Structure formats: structure tokens, C-alpha cells
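Step one of this worksheet: look at the structure below.
Taken together, the values in this text are just the output of simple stated rules run on the coordinates, not laboratory data. Being a predicted model, the structure only gives us computed values, none of them experimental. Cβ coordinates were reconstructed from backbone atoms using ideal geometry, including for glycine residues, and neighbour counts include every protein chain displayed.
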């Protein structure tokens, strides 16, 4: 099939590339000339393991191309996927900014020829698809089209696997024709027996928000339990294993840390709360999840300060990991953005390393941050190490070498990567999250 993807950000680029891998002919369109020029020349603007290889393969085989021009692509396409950004409103009120979605709808409306399915791939509030349909109807009353919802469930760092071998595909449709087109697009997943969850449009739109809010709730729950473990001397890692083996609970997202971040959970929980309020409902569990997450980041600052003996002033701190999670360069709402400025303001000297995120980090963190080439360089003359993001290359550090480089052997492990007893046998003062 011929497919157009509008937007070459994280979701659009992964979606378009994976559809091309399915065998479809895909044009990814973006009005950012610089981004399209880079993609055309094989430069991938985001870090996602395996994506550069898959892009290059499908471009070479003629199934994937990039363009600034919508006209020819939309006129020949059977489905147009809207994969533009829907960030939180600058007003800070939780509303999703849908201006890019609506602008895309206005641009494609006069270009439609023949039956076309317009698919919301971006994460959007309930009712967005109907607004997109209204815009297109107003601008092109004779257009033959349907609007559908097909939310994405991609984890940064594992997006290709998530797309090619998904737990499920959710499609929200109102017509048999739209259903037929979407099922044909995803037919390559048939042999894997991937479940297709077909719903009405509003249910599909809400499903993405509900899924992310539930996962965020699990994170905030285990973070609160970790604080209780700190208070009573229990081990949250063993506790999480004990409850996660219950099939009704599951072990995923029960890893305590400095709070969730990234492009999805923070904005999607706020947007879901706003949708509920507009319909006269209060999602008290989701509200508590957001509050706990904000408090967790502040409490990590105190944990670090306590680990440094009560003050960070004049202390040199090695920070390992800056991105909100491993295997991505995404710094959006990363805990580091809240935690590290608070330490710098109190006189800390921070030497930081991240395998992929340092250039992005410079856009979000104070200028007096020091960035180094590797974890060991960060540890030179350090008074403490903060393990902020659990990249694989930080999981098996040479502790003897690190200890010889540091001024004082203090490790504040905000991801519980290391075993406390092992570190203490090596002479480190160890602080974890919910374990003593």
C-alpha cells in the first residue's frame, strides 16, 4: 500500500520506517527543510537502536522516501498518518497542544483524491479525530475519507521491536472501509497472531492515555513504597520481586528510582486529568501519581545531600547518565533536569557523562555543567558518584579503578543497579533507593 506519514519526529520516523519494512511504500513528510535534508542523506536526527540501519535499507530498496511536499504523496496515498507533536500547552494547564494536528488537517484537506483514511497516530485527547474530520469536511466538502485512531505504544530504546512485534494494535474506526485499510496495513503481523483491538474512535484515543497513566501509577507506587522501605530498613528490590511475581500485578514498571520522565508519561497524565475535569470527573489516583512523581525528584536531592554528609557545597560529583532512560537521547522531563540544577545552585561541581544524551542535555541543563568523555573521567577527584540513568555500560564498572580515581568513595545509586554489600566490601559508602 501507499502510505504518507506527516511528521518525522520519533513516532513518525519509526512508524514510517517500520511500515516500509512491512513492504509498504512510504513517504515521510515534514516541513522542516533541515530535517528532511539530513534524512535524505542518511543522517538520523534521533537515537534509537537499529533505526539508522532500517532506514538505510528501506531507502535503498525504494520503499521509503522523505519529502517536504505533501501534494503528490497525499494524492496517491491510501492512508495518511498524522504523527506530529502534541506537547503540553505552554500555559502549563495540562492541555495538549493540538495546533500541529489541526494544521496538518488543513494542509491535506484540499489534496485528497479518492478514498483516503486519515489516521491519528499522535497521542491526542478524546474528540481530536472528530475535530480533524470537521476541518477536512469544511475545507473539502466533496472529499471521500474517514478518520481513524491508531495510537502508538512505543518504548524509546525498544521502538522497533515494539512496532514489529507488538503486544496489540489498537484501531478506532467507524466504517468497514477504514477498518479494511488499517487491517491491510497491519496484515504482515498476522502470522505473529498479533491481536487487533478494534474499538470506536473515542475508546482508541482514550486507551493510550489510560495505558500510560497506569504505567506511571505503578512507578509512583513503587517509589512511595521505596521511601517506606528507607524508613523501616526493608529492601524494596526484594519486595518488588515478591509482588511482581503475582500474575495480577506483574514485574514490569516496579523499579524504584528518581521518578519518571520522557515525552509521554508527564504530558499524558496531565492531559488525561484535564480530559476528566472537562467531563466533570476527578481522576484522584492519576492526580496522586503526578504529585508523587514531582515529590520523588525533590526527595532525591535530599538523598544525595545526605549521602554527601549534609551539604553539596564545594563537592565534586560524578553523574553517570542524564537521559530519562537508557537507549535514548531524550532529555524531556528527565529527573536530571530537576535534580542537578538544585545541586549546582548549592555550590556542587558536576562532571557528567551520558552515552548518547550530552548534546541534548546542554539544551536543558545549566551552562556550568562539565561534560566528559567516559564514566571514569567523570570520577576523577570526585567526592561522590550519582548513578542517574541505568545504561548497560554503567552496570559493570571497574569498582577498584573508580575507587582509586575518587577523592572519597561514595556511590549514590538512584537506580539500584549495584548490590549494597558488594559496594561496601569495596570500601564505598552506598546509598540506594529503598534499600539499606
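Laid out as a table, the results:
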read-out: Inverse mean reciprocal Cα-Cα distance (Kirkwood Rh) of the chain, Å; value: 23.3 Å
read-out: Average projected area [Cα convex hull, segment 65-147], square nanometres; value: 5.7 nm²
read-out: Using alpha-carbon coordinates, inclination of helix 51-60 to the longest axis of the chain, degrees; value: 30 degrees
read-out: Evaluated over segment 176-227, the Cα radius of gyration and Dmax, each in Å; value: 16.6, 52
read-out: Rounded tilt (10° steps) of 176-185 against the dominant C-alpha axis of the chain; value: 50 degrees
read-out: Mean shadow area of segment 231-285, taken as a quarter of the surface of its Cα convex hull (nm²); value: 5.7 nm²
read-out: 5 Å binning of all Cα-Cα separations within segment 1-45, expressed as whole percents from 0 upward; value: 6, 25, 33, 25, 10, 2
read-out: Extended-chain gain in nm, criterion 0.36 nm per residue less alpha-carbon gap, residue 184 and residue 167; value: 4.3 nm
read-out: DSSP beta bridges in the chain [antiparallel fraction, %, rounded to 5]; value: 5 percent
read-out: Where Rh is the Kirkwood radius over Cα pairs, Rg/Rh for segment 370-436; value: 0.92
read-out: Convex hull projection area averaged over all views, segment 215-431, Cα basis, nm²; value: 12.6 nm²
read-out: Of all DSSP beta bridges in segment 44-191, antiparallel share, percent nearest 5; value: 20 percent
read-out: Ordering of 399-408, 58-67 by packing [mean C-beta count within 10 Å, highest first]; value: 58-67, 399-408
read-out: Compactness of segment 1-89, expressed as Rg and Dmax over alpha-carbon positions, Å; value: 12.0, 40
read-out: In nm, spacing of pseudo-spin labels at residue 34 and residue 419 (7 Å Cα→C-beta vector); value: 4.9 nm
read-out: Length-normalised contact order for segment 258-353 - Cα pairs under 8 Å, 6+ apart - percent; value: 36 percent
read-out: Scaled radius of gyration (Cα, divided by 2.2 N^0.38 Å) that segment 2-198 gives; value: 0.97
read-out: With Cα atoms, 0 to 90° folded angle of helix 99-108 axis to the chain main axis; value: 30 degrees
read-out: Value of [θ]222 nm, deg cm²/dmol, for the chain, DSSP H segments ≥ 4, -39500 (n - 2.57) each, nearest 500; value: -13000 deg cm²/dmol
read-out: Normalised contact order of segment 2-198, rounded percent, pairs of Cα under 8 Å and 6 or more residues apart; value: 20 percent
read-out: Contact order relative to length of segment 215-431, as percent, for alpha carbon pairs under 8 angstrom and 6 or more apart; value: 18 percent
